[in-house]
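Everything below concerns the one structure shown next.
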Amino acid sequence: MTAAALGKTAAAPAQTAAKPLVAATDIVQEYEQPDGKMLRVLDSVNLTFERPSINMLLGPSGCGKSTLLRMLGGVRPWNVATPTSGRVEIDGQACVGPHPDTVMVFQHYANRPDMTVRENVLYPFGFSEWKRRVPPKEATERVDQMLQEVGLADKRDQYPSQLSGGQNQRVALARALVLRPRVLLMDEPFGALDAQTRSNMQDLLCRLHAAHPCVVVFVTHDVTEALLLGDRVIVLSTQPARIIDDFTITERQPRSQQWLMGADVRVMYERVVAHLRASGGRGNMRVTV
Ligand SMILES: Nc1ncnc2c1ncn2[C@@H]1O[C@H](COP(=O)(O)OP(=O)(O)OP(=O)(O)O)[C@@H](O)[C@H]1O
Ligand SMILES: [Mg+2]
């Protein structure tokens, strides 16, 4: 394994004067169980994201990935104080609620069934925060441009029920990126798609990220997807989740099938799978190499 292929562990915050784009410090999250006992889900998680990059987050099923992702976005689980302790900062400012520079995309793309594709992508600009930030003319121009970029310009007047799963996920991605977020949080966004559509969406995400750089934190159960997309791969342990691995991949995008089949990638792949297996084997990881 070459040093160039597998970067050094990136867990420690860099000693630079500039504030990282996103910093999560000593995050501990506990949930109250029906019997009144507290379940510790995240334990002393420290993460910083210095610059635009694609960061893949893996861990066994139920370990706390979605919880961590929501915290990075300042979103509180219903009726739960978030975080139980710790601090999330975006550009050095404490993030204590939904942040306008942060957008989430889910596996179930949450498109409004009563709105056309174009109306769905325009939808966030109707909220007061975005009305204040972006004049209506610029909003519609951005939407039309984004529909071109995700390849849905010809579907703009159709409704979500008339689209495939991949096309619906393109709508969700367009609605997120049209806001030009600094942080894009993606929770298993391609998990429900067939292999060919997932591959197309992975290519699309890389192209869109090159055109609209931001910090992407992407939860996946698919180790190959993590190695294909990630500038950095972060692995959480089983509950209470801690970071058990954190490495960078320097290979440029787009990454070829030949690279993916190489010995360096095999080492990275085995390393991540070993962590997931060691975490109790409850993880429903997908093995596609
Ligand atoms: N609002 C909540 N109240 C109580 N417990 C919760 C709440 N949200 C999540 N949990 C519990 O916290 C743990 C972590 O949940 P989370 O959804 O973050 O895991 P995950 O790693 O995303 O799981 P998966 O791989 O299935 O998507 C689980 O045991 C879950 O039952
Ligand atoms: Mg989850």
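Per-residue extension of 0.36 nm, minus the Cα-Cα distance of residue 80 and residue 162, leaves a gain of 25.8 nm for this segment. Taking a Cβ cut-off of under 13 Å around residue 18, the surrounding Lys, Arg, Asp and Glu residues balance to a net charge of -1, with basic ones at +1 and acidic ones at -1. Contact order, relative form, for the chain: 28 percent (alpha carbon pairs under 8 Å, 6 or more residues apart, mean separation divided by residue count).
Each Lys and Arg Cβ is given +1 and each Asp and Glu Cβ -1; about its Cα centre, region 165-238 then shows a dipole of about 380 debye.
Within the same chain, lysines fewer than 8 places from residue 65 are excluded, and of the rest, those with a Cα less than 30 Å from its Cα are 8, 19, 37. Applying 1/(1 + (r/R0)^6) with r as the Cβ-Cβ distance of residue 203 and residue 35 and R0 = 41 angstrom yields a FRET efficiency of 0.30. Residue order for 37, 65, fewest other beta carbons within 10 angstrom first, comes to 37, 65. About its Cα centre, the dipole of region 112-180 is roughly 240 debye, where the only charges are +1 on Lys and Arg Cβ and -1 on Asp and Glu Cβ. Within a straight-line Cα-Cα reach of under 18 Å, residue 131 can be paired with the following aspartates and glutamates, leaving aside sequence neighbours fewer than 8 residues apart in one chain: 101, 119, 141, 144. Computed about the Cα centre, the dipole magnitude for the chain is approximately 160 debye when only Lys and Arg (+1) and Asp and Glu (-1) carry charge, each at its Cβ. Projecting the Cα atoms of 192, 218, 206 onto the dipole axis of region 185-227, where Lys and Arg carry +1 and Asp and Glu carry -1 at the beta carbon, places 206 farthest toward the positive end.
Any read-out appearing in this document is the output of simple, stated calculations on the displayed coordinates, not a laboratory observation. All figures in this text were calculated on a predicted structure; none of them were measured in a lab. Quick reminder, even Gly has a Cβ in these numbers, built from the backbone with ideal geometry, and neighbours come from all protein chains shown.
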